[in-house]
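Structure first, commentary second.
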Amino acid sequence: MAFDHEIEAFIKEFVKDIAEKNVAIFAGAGMSKSSGYVDWKELLRDIADELGLKIDDEHDLISLAQYHVNHRASKAGITKKILEEFSEQAESSINHKILARLPIPTYWTTNYDTLIEDSLKEALKVVDIKHEIDQLANTKPKRDVVVYKMHGDASSPSKAIIAKEQYEEYYKTHEQFITALSGDLISKTFLFIGFSFTDPNLDYVLSRLRTSSNKQHYCFMKRESRLSNDCDEAFKYKTRKQELKINDLKRYKIQTVLVDEYETITEILKEIEIRFRKKTIFISGSAEEYGDWQRSEAQSFIHELSKKLIITNLRIVNGFGWGVGSAVINGALEAIYSAPEKFSEDQLIVRPFPQFETNNKNLADLWEDYRQRMIALSGIALFIFGNKKNDNGTIIPANGVMREFEIAVGNGVIPIPIGATGYMAKIITSQLEENPTKYFGTNTWIYPLIKELNNEKLTQHEIIKKTINIIQRLGK
């Protein structure tokens, strides 16, 4: 999908911030509405009826909630509504799932549901949830993500922040949340998603966002469209009001990313994930022998290739394949330790294959799970060598490398076999030649360059240079 230059600029900057682990998501009600939960107006519709008011005519929904508390002299009615609405879990949206797969360490939300944390757990993340003040002082061991639910959780509806008096006292009753949020706003790039002009949380949240930080933040907003019953004046009014809102958000260092349809947000998030994953290279390969290459030559090649990938600010994922893994690790670590202020150990992800059956799973099933998880982290897969000994001691192409190729293609990972290394890498090159469009789509320029990597007369230096060139072009 083609994006306008403003969206394109946002994607590039946001991918860079993700790579630097410098991102936080702030999710509003619209994030959950797409998954089946009602929005604020629907949540308070029965309450408005009880008060003799029409929900569609009301805009200050926080005050409406307060009117009901005053009317009942209790929060019991609203508490019951929250419990009823969120007692049956809805399914996570595609937006939840995309964000959960990305290495985003911090989430803030005004929602009461558990869709964010459920999506993160499904992505095998260790989640530290904070919806009460006492939880802020504790850190969950080995956590990957922190989810701050600043207005409470459906599991404790009586403590949910919903009425006007609670918002008015929030800076006193929940000062620790405000302090934590202010700190994140200074140090992280926030993406606000699921907020709208009618979301009552937005104004109350923004009133606490003003910091001295020059950190740039972003929010998605649907561009006003002309409805069939809109006259010229009405449409101009809506457009002008949106322009004023966008300009007002700039006071909080929030840049608006305008979309024509809400579905475009999903397309943008998909593109962000694709581009981020292209910065992670899965290296597939195994070797009992190295063909016309001496063992020392092959090891040096793998070492230098891995080193160059790190220096190019890429990440490497590797399963420690036989005859290949050690050289991958050595090359990557040499680059990292030669300039620790520039490169990080996070650029190397090593997932050695299990050697024993565990949890009632045989090795074949365990290896399949490992392959699926490793390859899902990447956007590009390199295939080198790829041979093994069979039970008779004969050298044969490694079926595990072919399986990794199949998984890569199934996950939308771009395959780059280095055919000059022979064995399964050469077989994969031949397979790509049969139908390049199947594997590369409209990127027709890729296969001719991959075909060059099939030339056994190339020097190691030339192979590495050509490989890096393909990866860099893919990342643009």
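The values are calculated or read from the model by the stated rules, or taken from the named source; none is laboratory data. Every value quoted in this text rests on a predicted model; they were computed, and no experiment measured them. Reconstructed Cβ throughout: ideal geometry from the backbone, glycine too, with neighbour counts over all protein chains shown.
Things to note:
- Of the numbered criteria (1) out of contact with any helix residue (DSSP H, G or I) (no Cβ under 9 Å at 6 or more places or on another chain); (2) in a loop (DSSP other than H, G, I, E, B), the one PRO103 fails is (1).
Yes or no, residue by residue, for (1) within 20 Å of SER93 (Cβ to Cβ); (2) in contact (Cβ under 8 Å) with a residue 12 or more places away in the chain; (3) in the same structural domain as PHE192 (by TED's automatic domain parsing):
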| position | (1), (2), (3) |
| --- | --- |
| ASP113 | yes, yes, yes |
| ILE116 | yes, yes, yes |
| LYS121 | yes, no, yes |
| GLU132 | no, yes, yes |
| GLN135 | no, no, yes |
| LYS142 | no, yes, yes |
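- Subset of the range 49-73 [part of a helix (DSSP H, G or I) and over 15 Å from LYS164 (Cα atoms)]: ASP49, GLU50, ILE55, ASP56, ASP57
This table checks each residue for (1) without any contact (Cβ under 8 Å) to a residue 40 or more places away in the chain; (2) within 29 Å of the chain's Cα centre (by Cα); (3) surrounded by fewer than 14 Cβ atoms within 10 Å (Cβ to Cβ).
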site: GLY323; (1), (2), (3): no, no, no
site: SER326; (1), (2), (3): yes, no, no
site: ILE329; (1), (2), (3): yes, yes, no
site: ALA335; (1), (2), (3): yes, yes, no
site: GLN347; (1), (2), (3): yes, yes, no
site: ARG351; (1), (2), (3): yes, yes, no
site: ALA381; (1), (2), (3): no, yes, no
site: ASN392; (1), (2), (3): yes, no, yes
site: ILE395; (1), (2), (3): no, no, no
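- Residue in the range 37-49 that is more than 15 Å from LYS81 (Cβ to Cβ), at pLDDT below 90 and not hydrophobic (A, V, I, L, M, F, W, C) present: no
- ALA327 vs. criteria closer than 26 Å to ILE446 by Cβ and either in the same structural domain as GLU289 (by TED's automatic domain parsing) or among the hydrophobic types (A, V, I, L, M, F, W, C) (or both): yes
- Listed by position, the strands (runs of 3 or more DSSP E) inside the range 308-414 whose residues that are closer than 13 Å to ILE281 by Cα number at least 1 are 315-318, 348-350, 380-385.
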